[in-house]
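> Just dropping this structure here.
The values are calculated or read from the model by the stated rules, or taken from the named source; none is laboratory data. Computed from a predicted structure; not experimentally measured. Heads up, the Cβs are rebuilt from the backbone with ideal geometry, glycines too, and the neighbour counts pull from every protein chain shown. These accessible areas exclude ligands, DNA and RNA; they are computed on the full protein's heavy atoms, side chains included. Shrake-Rupley method; radii C 1.70, N 1.55, O 1.52, S 1.80 Å.
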Amino acid sequence: MTHEFDTIIAIADELEISRQALNRKAKRLNIDLSKKSFTDTEWKLLTSTKRKPKQSTSSNYVDTFTAQQLAEKDDLINYLKSQIKEKDKQIDHAQQLQLIAEQRLTETNKTLIEHQEKENQPKKGFWHRLFK
């Protein structure tokens with residue numbers, strides 16, 4: 001099977017490289033680009049050494065900076081989660097103390113009412129209490 005192209009630029013576009021890079025590659029591999037038709041073996045040679053675009057150092061810097069920011073945010077989130085857990089414990093403890101205080105107040109009120117009822121009863125004399 002042959003691979004045919006109209007122009008050298010079309011070949012370069014297919015390989016995702018510049019026209020100058022294509023000329024250098026063809027010269028290095030001893031392939032004639034002027035015929036614009038390639039056999040399977042020639043095409044495999046041209047495509048096998050396809051280079052990947054370089055990543056710029058600025059994108060690497062952005063990636064490391066972003067990763068650093070994400071790590072800081074993760075640390076902050078973990079710290080805030082621990083603070084929330086601590087506050088929840090404090091709230092539970094405060095609610096337990098308030099419940100205990102309300103129970104004691106209720107008991108105190110009951111005893112106070114009992115003492116008031118005893119005081120409101122008519123006093124009985126010595127002989128009445130003795131011969132009851």
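> Need pairs with beta-carbon distance below 6 Å; first residue touching a residue at least 12 places away in the same chain (Cβ under 8 Å) and within segment 1-13, second open to solvent by less than 60 Å² (accessible area, probe 1.4 Å) and aromatic (Phe, Trp, Tyr); sequence gap 6+ or separate chains.
Within 6 Å, the pairs are His3/Phe38; His3/Trp43; Ile11/Phe5.
> Here is a further query. Could you please find all residues in segment 17-36 being assigned to a helix (DSSP H, G or I) and open to solvent by 100 Å² or more (accessible area, probe 1.4 Å)?
Passing the criteria: Arg19, Arg24, Lys27, Arg28.
> Just the residues that are among the hydrophobic types (A, V, I, L, M, F, W, C), more than 14 Å from Ile31 (Cβ to Cβ) and part of a loop (DSSP other than H, G, I, E, B), please, taken from segment 1-16.
Hit for segment 1-16 is Met1, nothing else.
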